[in-house]
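Everything below concerns the one structure shown next.
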Amino acid sequence: MKTSKPLACATKSKPARRTLLSKILLWIFGPLFLLWTIGIVVTYFIAQHIANSPYDRPLLQQLELIRTEIAQQRVDQPIHLSAAARTVLRLGSDEPIYWQICDDDGLPIDGNAALPVPSHWEYEANVVRFQDTLYNGQSIRMAYVWGGQDNQGKTYLAQVAENNQHRAMLHHEILIGMLTPQFILVPLAALLAGLGLTHGLEPLNALQARLRARSSQDLSPINHEQAPAEIVPLLEAMNDLLQRQSALNAAQRRFVANAAHQLKTPLAGIRTQVELAQKKQAPTTSAHTLEQLLQGSERATRLVNQMLMLARAEAGELAQWHELNLIDLNVLAAQHLEHWWPQALDKHMDLGLEPSPSPAWVRGDSFMVGEMLNNLIENALLYTPPEGSITVTVGTEQHHCWLEVQDSGPGIPPELRSKVFDRFYRILGTHTDGSGLGLSIVQEIAELHQAQVVFIDKPASLTQGNCLRIVFPSAQPLHT
């Protein structure tokens, strides 16, 4: 019997997010401890210099004493130090001063022969140098100088050295005295800084609690009077977002209310016609009722489609600008006019197209641009009386292409041109069955395509009429 092995589901764990406090502490304490480490290293060398200074001066004096003693003798003969010099050099004690005389080849002449010769010494007369080295397994400090002369004028290398034990003790004491306050104060300062930052971020925690306690319907501005000055711009931006969201919610509520009101009429008409059809049996009456039902359903369907298109346009359902298709407005206008010619013929209207001499390339969503043109043509068919004319024109300019719909209807007064783009707005006295959404859809789709809707004044030779132009930024085709 085969047993199925459970599949191991690889779950990707989300990386832990750093808090603002941790980032601030990292940027404060990281450089602080780095500088602290550098300070300790610098303090070590400073303490070493301070510890060497009081011992280097006597060592230098002892070096000069050796040179003075030798200046009265010959270096090619045994050196005899005076009693005073032996006392100063502490010869015979537990911690003597080591000394040595070398010739110009660095070979020992007299003194402590095992004392190491400086590794790098030059023939620079009367230039005293210091060096730390080892002698008999102990650390010593050595001072040396080239250029001393005996009573015969012969030059030599003189060097004296002493044990580093006292220097090390002084160095250690100086380090303890200088670093102890740092080891106490720096962690204490870090602790106080952390406590200060934690206390300073308390207003953010209070603000967070206030926001969590808010109702999802509460879009009122956030009070930032007690907020830190650093986050006031953030709160102002959030208030601006809340204000825009509140306006959007209000617009959506109005939209839903208006849509419900507009849908009542065709739905009520359909119900009334159905009730009449149930009561009447005459074929002619039934045919008329069915015609009314068909018109009502078409009106309701068109209204719902317009509402869906408006919602889609408002939601900004458009691909990235560089991913949009290239559209030739000449081709698009010709394709969509074919759909409206039967209705124009039924109303005895002249529906024509004046294409651009050259391709009018724009970048956009062909379905949305086509729907925008359909709304313009439908409006023109609704408001233009029989025997009228409707002309769709395509044009190109240097950096723009435009699509224009002109009709011989009653036109829109200049004072109402800004209102006709409002949802469900209809000019009184037109006696048409429009929904008031057509130009709202046109406006939304134009904004998505970075286009402008412009009213073109009618020629002086025409007494009435309306002309709307959609101006697009032009685009070059990928392939010609």
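The values are calculated or read from the model by the stated rules, or taken from the named source; none is laboratory data. Remember, it's a predicted structure, so these values are computed and weren't measured experimentally. Neighbour counts are summed over all protein chains in view; Cβ atoms, including those assigned to glycine, are modelled from backbone coordinates with ideal geometry.
Taking the listed residues ARG141, ARG129, the one that is surrounded by 18 or more Cβ atoms within 10 Å (Cβ to Cβ), charged (D, E, K, R) and either outside the structural domain of LEU81 (by TED's automatic domain parsing) or touching a Phe, Trp or Tyr at 6+ places or on another chain (Cβ under 7 Å) (or both) is ARG141, with no other qualifying.
Residues being surrounded by 10 or more Cβ atoms within 10 Å (Cβ to Cβ) and at pLDDT 60 or above: count how many of those fall in the range 459-480. So that I can check it myself, show each step before the final result.
Within the range 459-480, the subset surrounded by 10 or more Cβ atoms within 10 Å (Cβ to Cβ) is 462, 464-475, 477.
Still in the running and at pLDDT 60 or above: 464-475, 477.
Of the residues in the range 459-480, 13 are surrounded by 10 or more Cβ atoms within 10 Å (Cβ to Cβ) and at pLDDT 60 or above.
Taking the numbered list (1) among the hydrophobic types (A, V, I, L, M, F, W, C); (2) modelled with pLDDT of 85 or more; (3) out of contact with any Ser or Thr (no Cβ under 7 Å at 6 or more places or on another chain) in turn, ALA193 passes all entries but (2).
What are the residues in the range 166-175 that are of a type outside the set (A, V, I, L, M) and free of Cβ contacts under 8 Å to residues at least 40 places away in the same chain, if any? Steps first, answer last, please.
Taking the range 166-175 and keeping what is of a type outside the set (A, V, I, L, M), we get 166-167, 171-173.
Residues satisfying the conditions are HIS172, GLU173.
Of all the residues that make up the range 397-410, how many are surrounded by fewer than 19 Cβ atoms within 10 Å (Cβ to Cβ) and under 28 Å from LEU324 (Cα atoms)?
To start, the set of residues in the range 397-410 that are surrounded by fewer than 19 Cβ atoms within 10 Å (Cβ to Cβ) comprises 397-400, 410.
Next, only the ones that are under 28 Å from LEU324 (Cα atoms) stay: 397-400.
So the answer is 4.
Okay, residues lined up against (1) farther than 19 Å from ILE445 by Cβ; (2) touching a Cys at 6+ places or on another chain (Cβ under 7 Å); (3) not in a helix (DSSP H, G or I):
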residue: ILE327; (1), (2), (3): no, no, yes
residue: GLN335; (1), (2), (3): no, no, no
residue: GLN343; (1), (2), (3): yes, no, no
residue: GLY352; (1), (2), (3): yes, no, yes
residue: MET368; (1), (2), (3): no, no, no
residue: LEU373; (1), (2), (3): no, no, no
residue: GLU387; (1), (2), (3): yes, no, yes
residue: ILE390; (1), (2), (3): yes, no, yes
residue: GLN398; (1), (2), (3): yes, no, yes
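Scanning the range 355-364 for residues that are surrounded by fewer than 13 Cβ atoms within 10 Å (Cβ to Cβ) and either in a helix (DSSP H, G or I) or of a type outside the set (Ser, Thr, Tyr) (or both) gives a single hit, PRO357.
Within the range 195-243, being assigned to a loop (DSSP other than H, G, I, E, B) and touching a residue at least 12 places away in the same chain (Cβ under 8 Å) holds for LEU201, LEU219, SER220, PRO221, ILE222, HIS224, GLN226, ALA227, PRO228.
None of LEU115, LEU91, LEU157 is touching a residue at least 40 places away in the same chain (Cβ under 8 Å), closer than 22 Å to ARG57 by Cβ and part of a loop (DSSP other than H, G, I, E, B) except LEU115.
Would you be able to tell me the number of residues in the range 118-144 that are assigned to a strand (DSSP E or B) and more than 25 Å from ALA168 (Cβ to Cβ)? Steps first, answer last, please.
Kept after step one, since they are assigned to a strand (DSSP E or B), are these residues of the range 118-144: 125, 129-135, 138-144.
Checking which are more than 25 Å from ALA168 (Cβ to Cβ) leaves us with 125.
Final tally of qualifying residues: 1.
Within the range 94-112, being in a strand (DSSP E or B) and on the phi > 0 side of the Ramachandran plot holds for one residue alone: GLY111.
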